[in-house]
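Below: one structure, written as structure tokens.
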Amino acid sequence: MRNTARWAAALGLTAVAVCGPLTGAAVAAPDAAPASLYAPSALVLTIGHGGDAATATPERAVTLSCAPGASGTHPAAPEACAELRGVGGDFDALTAREDVWCNKLYDPVVVTAQGVWQGRRVSYERTFGNSCERDAVGGSLFAF
């Protein structure tokens, strides 16, 4: 139960940090013109060890904003945004690279993505058999 509470707290605080400024501006001036021609793209990405997000021990979390430019706490934000644009923001369309061979040691790693991609809500969770399998699929996106 403690891991679930930590996981929820980490996601909640990061979501407030990312989305807080967006909601404040919308409440303050509902009739104002949009500040940008780009639909919002702001995500919180997390990595943890365990079978699923509810029972995983969270290890790292980063923010990623892709519109109008790549930014956030993600160490390779431009590359991660390019990967997401390449699959149209569909995390399920990310495929493993063919040049990577991973062992079959089972040490489950769970990744999550929560937020907004080009104006639509995103909630993604995927469990990989180990870190090598995660890196083969995520490339820059989950390399933090």
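The values are calculated or read from the model by the stated rules, or taken from the named source; none is laboratory data. No experiment lies behind these values; they were computed from the predicted model shown. Reconstructed Cβ throughout: ideal geometry from the backbone, glycine too, with neighbour counts over all protein chains shown. Calculation scope for accessible area: heavy atoms of the full protein, side chains included, ligands and nucleic acids excluded. Shrake-Rupley method; radii C 1.70, N 1.55, O 1.52, S 1.80 Å.
Residues satisfying the criterion are present in region 102-109 (criterion: in a loop (DSSP other than H, G, I, E, B), basic (Lys, Arg) and under 23 Å from Gly51 (Cα atoms)).
One line per residue, one yes/no per condition, for (1) within 18 Å of Glu59 (Cα to Cα); (2) surrounded by 18 or more Cβ atoms within 10 Å (Cβ to Cβ):
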| position | (1), (2) |
| --- | --- |
| Ala77 | no, yes |
| Arg97 | no, no |
| Trp101 | no, no |
| Ala113 | yes, yes |
| Gly119 | no, no |
| Thr127 | yes, no |
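Within region 47-60, the residues that satisfy the criterion of being in a strand (DSSP E or B) and open to solvent by 50 Å² or more (accessible area, probe 1.4 Å) are His49, Thr57, Glu59, Arg60. Val87 passes every criterion in (1) modelled with pLDDT of 90 or more; (2) out of contact with any Pro (no Cβ under 8 Å at 6 or more places or on another chain); (3) more than 17 Å from Ala70 (Cβ to Cβ) apart from (3). Residues of region 79-95 that are surrounded by 13 or more Cβ atoms within 10 Å (Cβ to Cβ), part of a helix (DSSP H, G or I) and among the small types (Gly, Ala, Ser): Ala80, Ala82. Scoring Glu125 on the criteria (1) under 11 Å from the mean Cα position of the chain (by Cα); (2) within 16 Å of Val87 (Cα to Cα) leaves a single failure, condition (2).
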